[in-house]
């Protein structure tokens, strides 16, 4: 009986050694406590104070929702909120359109070329954001590099600095790596035989791309797009340096309320609205990602 259960030459492992060791309950909670305290002090406490000031730092005799009523009754605030959402969506679309071919090139190449493309993608992480924005100021100003090149080509000069176009270009350059890497990871997981199978079944390259390759890469596209959109909602340095007061985003108004007017209640109400918008976007993204995943599983 024992000879049938244990093969010759196979080491005998006792049940005590085969079972994974389980840490005592006290030890597990002890390991979690420092992390929980860190997150509570660094993240939860500032958010809680912001929410508290949004409802309590109000004029005498006013209700707890006075700051939010002020925010939505001011036409400028609502316009800037929509401008923030529009700019973030435009930057997200531009990042996805640029990042997808770059990620495809990284998958198609190997060795030195892949490392070179990855180095170009990660290059923004190695320089300061202020330095990058100053570089765009030099390029896009009226007497900058761009207009110098246009003049050499016989084209009329363009006044781009201080417009939403300049803000979109600068934010796209900063946030591009956050889309390239998720898309690249998603493309790497696609089996190359899927495209060959589509070709065998009679699908052309364009049809196979839109029917097979693109749907399989949508999880990476969705993750990168959500990440870029959420990060773009809170951008301050790039719009302040490349834009103008007419192109201001909500984060700039928050800084103005705190730094110049000392209106902590108004600033907290603005930040709370931005936080709620971010949470709604994340919930919508998670909902559509779940639906897409369930649809793919049902088609298998």
Show that you can apply the helix-only estimate: for the chain, add -39,500 (n - 2.57) for every DSSP H stretch of four or more residues, divide by all residues, and state [θ] at 222 nm to the nearest 500.
-> -22500 deg cm²/dmol
Ranked on Cβ counts within 10 Å of their own Cβ, fewest leading, 53, 211 go 211, 53
Angle in degrees between helix 250-259 and the longest Cα principal axis of the chain, rounded to the nearest 10 = 60
Using a 10 angstrom cutoff on alpha carbons, build the Gaussian network for the chain and name the most mobile of 126, 70, 264.
-> 126
Nearest 10 degrees, 0 to 90: helix 75-108 Cα axis against the chain principal axis = 40
What FRET efficiency would be calculated for the residue pair residue 126, residue 199, taking the C-beta separation as r and a Förster radius of 45 Å, to the nearest 0.05?
-> 0.65
Averaging sequence separations of C-alpha pairs under 8 Å and six or more residues apart, then dividing by the length of the chain, give the relative contact order as a whole percent.
-> 25
Hey, can you rank 281-291, 179-189 by average C-beta count inside 10 Å, highest first?
-> 179-189, 281-291
The simple spin-label model distance between residue 108 and residue 289, using points 7 Å out along Cα→Cβ, in nm, is 2.8
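A short reminder: the numbers here are calculations on the coordinates, not readings from a lab. The shown structure was predicted, so the numbers you read here are calculated from the model rather than taken from an experiment. Because the Cβ atoms are built from the backbone with ideal geometry, glycine has one as well, and the counts that use them run over all protein chains shown.
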